[in-house]
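Here's the structure we're looking at; comments come further down.
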Ligand code: CP
Ligand code: NVA
């Protein structure tokens, strides 16, 4: 593994290795055992979109690993004034030991990786959110013990979260049910990945998708970059919500996940959000542990 650009690039064993390393690093951190695997190393973190969790967890993670994080907003970088990605990749490769980037197009991240001499980590694009999905898988395994025989239900937009979660869940052998309006079809690369996989189903029937699910998950109706469509999307996604009626048809011990930020009373009701807040904030915490595993794997 040279970079982390999308879950599609990872083998099942590579995903499990990262989760196991995350467990170990989490144990060390919780028990005050120093783990300075990246002493003397610097991570450049390029942000072209807003972030709370990704920025803070990468920054804190690098600190705990003995390294140094460098927050680079595209407003301040020459990238924001049109310097080509390829030159930014070549320059950062001379100073740093890894690059984390949050941006719009997946092509930009792929290009950065192509010209970079150092590992590149995708901190979210319009297409993928691999770091979040590793944290989600870690959380699912913590709560459910294993992935075997589980059904994951995602309700909402066919966005970066859905794309990455579908791939991660199917690679680990879980059943996946996607509830989305007919108008919102899968990205062609994801459609090709799920084609003929009997573990995958897509429907516009939310209750059918959630029926007997072990994990119920959603995300915002309008992602960063979709702001101009927010009003239309509110109409399109009305009803594509995690509420008590949905949880009533899921398994009794089902968990609810949300990558956050959450829009209460849109994709999830306040009632359900608060009922499952413990697991949702464990999931947020697991961003830290999962990403430290990625950093150690790629940069040590
Ligand atoms: N879940 C997530 O990526 O959160 P941020 O946008 O706050 O980084
Ligand atoms: N789908 C959301 C995820 C935010 C973490 C977005 O891209 O805005």
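Where a number appears in this text, it was derived from the coordinates with a stated rule and is not lab data. Everything numeric here is computed off the predicted structure, so don't read it as measured data. Because the Cβ atoms are built from the backbone with ideal geometry, glycine has one as well, and the counts that use them run over all protein chains shown.
Which residues, counting only those in the range 16-27, are within 16 Å of residue 297 (Cα to Cα) and out of contact with any helix residue (DSSP H, G or I) (no Cβ under 6 Å at 6 or more places or on another chain)?
In the first step, residues of the range 16-27 are kept if they are within 16 Å of residue 297 (Cα to Cα); the result is 16-26.
Result: 16, 17, 20, 23, 24.
Consider residue 154 carefully, then state whether it is within 16 Å of ligand 1 (Cβ to nearest atom), buried (at least 24 other Cβ atoms within 10 Å of the Cβ), more than 30 Å from residue 300 (Cβ to Cβ) and touching a residue at least 12 places away in the same chain (Cβ under 8 Å). Before the answer, list the steps.
On the way: within 16 Å of ligand 1 (Cβ to nearest atom): yes; buried (at least 24 other Cβ atoms within 10 Å of the Cβ): yes; more than 30 Å from residue 300 (Cβ to Cβ): yes; touching a residue at least 12 places away in the same chain (Cβ under 8 Å): yes.
So residue 154 passes the test.
Could you tell me which residue of the range 139-165 is nearest to residue 195 (Cα to Cα), considering only residues that are within 16 Å of ligand 2 (Cβ to nearest atom) and touching a helix residue (DSSP H, G or I) at 6+ places or on another chain (Cβ under 6 Å)? Even if it seems obvious, please write down each step before you answer.
Pass one, the range 139-165, residues within 16 Å of ligand 2 (Cβ to nearest atom): 139, 154-165.
So of that shortlist, the ones also touching a helix residue (DSSP H, G or I) at 6+ places or on another chain (Cβ under 6 Å) come out as 139, 154-155, 163-165.
Working: 139: 27, 154: 18, 155: 20, 163: 14, 164: 16, 165: 16 Å.
Looking at the filtered set, the residue picked out is 163.
Which of the numbered conditions does residue 176 fail, given that it passes all the others? Conditions: (1) within 22 Å of residue 260 (Cβ to Cβ); (2) within 18 Å of the chain's Cα centre (by Cα); (3) assigned to a helix (DSSP H, G or I).
(3)
Cβ-Cβ distance below 7 Å, separation of 6 or more or different chains: which pairs start in the range 37-58 with a residue that is over 18 Å from residue 259 (Cβ atoms) and end on one that is part of a loop (DSSP other than H, G, I, E, B) and within 13 Å of ligand 2 (Cβ to nearest atom)?
Sorted first by the residue in the range 37-58, then by its partner, the pairs are 48/103; 48/104.
If you go through the range 177-191 one residue at a time, how many are farther than 25 Å from residue 294 by Cα and in contact with a helix residue (DSSP H, G or I) (Cβ under 8 Å, 6 or more places away or on another chain)? Break it down into steps so the answer makes sense when it comes.
Let us first name the residues in the range 177-191 that are farther than 25 Å from residue 294 by Cα, namely 177-188, 191.
Next, only the ones that are in contact with a helix residue (DSSP H, G or I) (Cβ under 8 Å, 6 or more places away or on another chain) stay: 177-181, 183-187.
Looking only at that region, the number is 10.
When the residues of the range 119-130 are narrowed to those that are under 12 Å from residue 161 (Cα atoms) and surrounded by fewer than 24 Cβ atoms within 10 Å (Cβ to Cβ), which ends up nearest to ligand 2 (Cβ to nearest atom)?
By that ranking, first place goes to 126.
Condition first: under 30 Å from residue 36 (Cα atoms), more than 14 Å from ligand 2 (Cβ to nearest atom) and in contact (Cβ under 8 Å) with a residue 12 or more places away in the chain. Can you find one or more residues in the range 269-282 that meet it? Lay out the reasoning, then the answer.
Of the residues in the range 269-282, the ones under 30 Å from residue 36 (Cα atoms) are 278-282.
Now restrict to residues that are more than 14 Å from ligand 2 (Cβ to nearest atom): 278-279, 281-282.
With in contact (Cβ under 8 Å) with a residue 12 or more places away in the chain added as a condition, the list becomes 279, 282.
Yes: one or more hits.
Here are some residues: 206, 279, 216, 272. Which one is within 16 Å of ligand 1 (Cβ to nearest atom) and surrounded by 17 or more Cβ atoms within 10 Å (Cβ to Cβ)? Full working, then the answer.
Numbers: 206 fails: within 16 Å of ligand 1 (Cβ to nearest atom); 216 fails: within 16 Å of ligand 1 (Cβ to nearest atom); 272 fails: within 16 Å of ligand 1 (Cβ to nearest atom).
Selected residue: 279, the only one of 206, 279, 216, 272 that is within 16 Å of ligand 1 (Cβ to nearest atom) and surrounded by 17 or more Cβ atoms within 10 Å (Cβ to Cβ).
Could you list, in sequence order, the residues of the range 251-264 that are in contact (Cβ under 8 Å) with a residue 24 or more places away in the chain and farther than 18 Å from residue 51 by Cα? Let's see the steps before the verdict.
Taking the range 251-264 first, the residues in contact (Cβ under 8 Å) with a residue 24 or more places away in the chain are 251, 253-263.
Of everything in the range 251-264, those that are in contact (Cβ under 8 Å) with a residue 24 or more places away in the chain and farther than 18 Å from residue 51 by Cα turn out to be 251, 253, 254, 255, 256, 257.
Conditions tested, residue by residue: (1) within 29 Å of residue 165 (Cα to Cα); (2) assigned to a loop (DSSP other than H, G, I, E, B); (3) touching a strand residue (DSSP E or B) at 6+ places or on another chain (Cβ under 9 Å).
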residue	(1), (2), (3)
19	yes, no, no
28	yes, no, no
46	yes, no, yes
51	yes, yes, yes
59	yes, no, yes
72	yes, no, yes
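Assess whether residue 146 counts as being within 22 Å of residue 45 (Cα to Cα) and more than 16 Å from ligand 1 (Cβ to nearest atom).
Working: within 22 Å of residue 45 (Cα to Cα): no; more than 16 Å from ligand 1 (Cβ to nearest atom): yes.
Judged against the criteria, residue 146 is not a match.
Out of the range 104-139, which residues are within 16 Å of ligand 1 (Cβ to nearest atom) and assigned to a helix (DSSP H, G or I)? Working first, answer last.
First, pick out the residues of the range 104-139 that are within 16 Å of ligand 1 (Cβ to nearest atom): 104, 106, 109, 121-139.
Passing the criteria: 106, 109, 130, 131, 132, 133, 134, 135, 136, 137, 138, 139.
Can you work out which of the residues in the range 223-245 that are closer than 23 Å to residue 51 by Cα and touching a helix residue (DSSP H, G or I) at 6+ places or on another chain (Cβ under 8 Å) is farthest from ligand 2 (Cβ to nearest atom)?
Start the filter on the range 223-245 by keeping residues that are closer than 23 Å to residue 51 by Cα, which leaves 223-231, 233-234.
Going one step further and asking which of them are touching a helix residue (DSSP H, G or I) at 6+ places or on another chain (Cβ under 8 Å), we end up with 223, 226.
Values: 223: 3, 226: 8 Å.
Top of the filtered list is 226.
Name the residues in the range 179-222 that are over 22 Å from residue 261 (Cα atoms) and within 16 Å of ligand 2 (Cβ to nearest atom), would you?
Selection gives 186, 187, 190.
Being away from ligand 1 (no atom under 16 Å from the Cβ) and part of a helix (DSSP H, G or I), is that true of even one residue in the range 94-101?
As a first pass, look at the range 94-101 and keep what is away from ligand 1 (no atom under 16 Å from the Cβ): 94-99.
Going one step further and asking which of them are part of a helix (DSSP H, G or I), we end up with 94-95.
Taking every residue of the range 94-101 in turn, at least one turns out to be away from ligand 1 (no atom under 16 Å from the Cβ) and part of a helix (DSSP H, G or I).
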